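Have a look at this one.
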Amino acid sequence: MIDYHEILNTIQEEMSYRDVKGKVASYIPELARVDPKKFGMHLYRNENEFYGFGDHEEKFSIQSISKVFTLSLAIKNLGTKVWERVHVEPSGNPFNSLMQLEQDRGIPRNPFINSGALVISDILVDVLDNPKKELLEFVRKITGEEDIDYDESVAQSELSSGYRNIALVNYMKALGNIKCDVEEIIDFYFYSCSIAMSCKSLAKAFMLYANKGEILHSGEQILNPSTVKRLNALMQTCGFYDESGEFSFEVGLPGKSGVGGGIAAIHPQQYSVAVWSPVLNKKGNSELGMKALERLTTLTGLSVF
Ligand code: DON
């Protein structure tokens with residue numbers, strides 16, 4: 001029997017803000033204001049077995065972790081047609097890179113880099129009546145928490161500074177891979193990134209991906225198992241931008257990071273876990289978060305490999 005309680009205590013004792021060298025994301029002004037010392041972790045096994053420490057109940061900006069939710073919603077609505085618009089290969093490039101788009105004729109390498117998520121946003125703006133409302137409904141349903149919401153100030157802050165993302169959509173529109181109005185897509189994309197959640201709620205949400213698409217607490221099958229298999233494969237290979245190989249190597253779990261300093265990961269059929277520490281390494285992933293998850297798979301002796 002694995003003593004998760006003991007393992008999380010050990011991780012909390014071992015990890016220290018004093019050891020981190022990186023910086024909090026500053027290219028989105030509102031994110032630069034977050035206290036760099038925040039640190040929390042939550043591991044969820046089921047309604048009766050969950051463990052957390054530190055700031056695990058405090059909400060933060062989930063940023064790119066939302067790309068897993070928007071992709072889930074796109075596949076749910078459009079099925080495999082999604083793959084005509086976005087590839088499934090690791091990019092090996094920074095998350096906001098424009099470079100490969102020219103070579104690849106406007107088809108993003110994967111849905112977890114910005115260009116890919118913007119195509120997914122285009123799909124959702126096209127097929128859903130009210131994409132912002134439906135995305136929130138999806139996240140609220142899989143967590144069972146009605147108070148999850150967008151953070152207006154983060155969304156507005158990114159709207160006022162999101163030149164690269166605006167360039168990415170316009171460029172893909174020029175290359176024929178964007179259908180809807182650029183402003184509508186950008187608005188939906190920034191709002192998706194602004195969703196505020198705690199480690200506790202994120203871990204609960206990600207249980208969906210550890211449980212073959214069935215919401216554990218309600219029993220509803222919301223995604224089919226083959227979709228979840230593909231989502232997990234993409235998290236494993238592309239969830240950490242150009243550090244996806246390193247995350248697989250060090251941690252060995254499918255997961256997704258965001259520049260708010262959050263990481264959510266799963267061990268199929270075992271647990272989901274979320275960690276938050278806003279200080280990012282050079283690749284834009286939470287420095288302490290990655291270390292904490294490395295300790296988790298080492299101390300439990302369990303990973304998908
Ligand atoms: O679009 C951006 O740059 C941010 N809203 C999200 C970036 C992030 O978390 C990492 N991206 N894949």
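Got at least one residue in the range 65-85 being within 16 Å of the ligand (Cβ to nearest atom), in contact with a Cys (Cβ under 8 Å, 6 or more places away or on another chain) and modelled with pLDDT of 95 or more?
Yes: one or more hits.
Pairs under 7 Å by beta carbon, first residue farther than 17 Å from A117 by Cβ in the range 254-271, partner crowded, with 24+ Cβ neighbours inside 10 Å and aromatic (F, W, Y), six or more apart or different chains?
If the second residue must be crowded, with 24+ Cβ neighbours inside 10 Å and aromatic (F, W, Y), the pairs left are G261/F60; G261/W276; I266/F206; I266/Y209; Y271/Y44.
I'm trying to understand the selection: among the residues of the range 231-242, which are modelled with pLDDT of 95 or more and surrounded by fewer than 20 Cβ atoms within 10 Å (Cβ to Cβ)?
Answer for the range 231-242, where residues must be modelled with pLDDT of 95 or more and surrounded by fewer than 20 Cβ atoms within 10 Å (Cβ to Cβ): A233, T237.
Next question. Filtering the range 43-88 down to residues that are closer than 25 Å to F188 by Cβ and of a type in the set (D, E, K, R), which residue is surrounded by the most Cβ atoms within 10 Å (Cβ to Cβ)?
My answer is K67.
Is it the case, given these coordinates, that S91 is more than 16 Å from the chain's Cα centre (by Cα), on the phi < 0 side of the Ramachandran plot, within 16 Å of the ligand (Cβ to nearest atom) and not in a strand (DSSP E or B)?
On the way: more than 16 Å from the chain's Cα centre (by Cα): yes; on the phi < 0 side of the Ramachandran plot: yes; within 16 Å of the ligand (Cβ to nearest atom): yes; not in a strand (DSSP E or B): yes.
Yes.
Given the options D104, D122, D126, name the one that is surrounded by fewer than 22 Cβ atoms within 10 Å (Cβ to Cβ) and within 21 Å of K76 (Cα to Cα).
D126
Among the residues of the range 255-304, what is the count of those that are in a strand (DSSP E or B), among the β-branched types (V, I, T) and within 19 Å of S16 (Cβ to Cβ)?
The qualifying residues number 3.
If I ask for residues that are of a type outside the set (V, I, T), part of a loop (DSSP other than H, G, I, E, B) and surrounded by fewer than 18 Cβ atoms within 10 Å (Cβ to Cβ), which ones from the range 1-41 would you list?
Those that are of a type outside the set (V, I, T), part of a loop (DSSP other than H, G, I, E, B) and surrounded by fewer than 18 Cβ atoms within 10 Å (Cβ to Cβ): M1, D3, S16, K21, S26, Y27, D35, P36, K37.
Quick check, is L118 part of a helix (DSSP H, G or I), of a type outside the set (D, E) and within 13 Å of the ligand (Cβ to nearest atom)?
yes
Quick one: would you say G284 is small (G, A, S) and either touching a residue at least 60 places away in the same chain (Cβ under 8 Å) or farther than 19 Å from M15 by Cβ (or both)?
yes
Can you pull out the helices (runs of 4 or more DSSP H) entirely within the range 138-241 that have at least 1 residues that are within 14 Å of the chain's Cα centre (by Cα) and within 13 Å of the ligand (Cβ to nearest atom)?
Because the criterion is at least 1 residues that are within 14 Å of the chain's Cα centre (by Cα) and within 13 Å of the ligand (Cβ to nearest atom), the helices (runs of 4 or more DSSP H) in the range 138-241 that meet it are 182-193, 225-238.
Give the residue, chosen from E13, E30, that is over 23 Å from A233 (Cβ atoms) and within 16 Å of the ligand (Cβ to nearest atom).
E30 is the lone residue from the list that is over 23 Å from A233 (Cβ atoms) and within 16 Å of the ligand (Cβ to nearest atom).
Further question: Somewhere in the range 17-29, is a residue out of contact with any Ser or Thr (no Cβ under 7 Å at 6 or more places or on another chain), farther than 29 Å from P268 by Cα and among the polar types (S, T, N, Q)?
yes
Now, a different point. Restricting the range 276-289 to residues that are crowded, with 24+ Cβ neighbours inside 10 Å and in contact with a Phe, Trp or Tyr (Cβ under 8 Å, 6 or more places away or on another chain), which is nearest to K204 (Cα to Cα)?
W276
Pairs please, first residue from the range 128-146 and in contact (Cβ under 8 Å) with a residue 12 or more places away in the chain, second anywhere and among the charged types (D, E, K, R), Cβ atoms under 6 Å, 6+ apart in sequence or on different chains.
Matching pairs, first to second residue: L128/E134; T143/K204.
Quick one: which residue in Y44, Y51 is in contact with a Ser or Thr (Cβ under 7 Å, 6 or more places away or on another chain) and either in a loop (DSSP other than H, G, I, E, B) or more than 16 Å from the ligand (Cβ to nearest atom) (or both)?
Just a single option satisfies the conditions, and that option is Y44.
The values are calculated or read from the model by the stated rules, or taken from the named source; none is laboratory data. Note that the structure is a prediction, hence the values are computed from the model and not measured. All Cβ positions, even for glycine, are placed from backbone atoms using ideal geometry, and neighbour counts span all protein chains on display.
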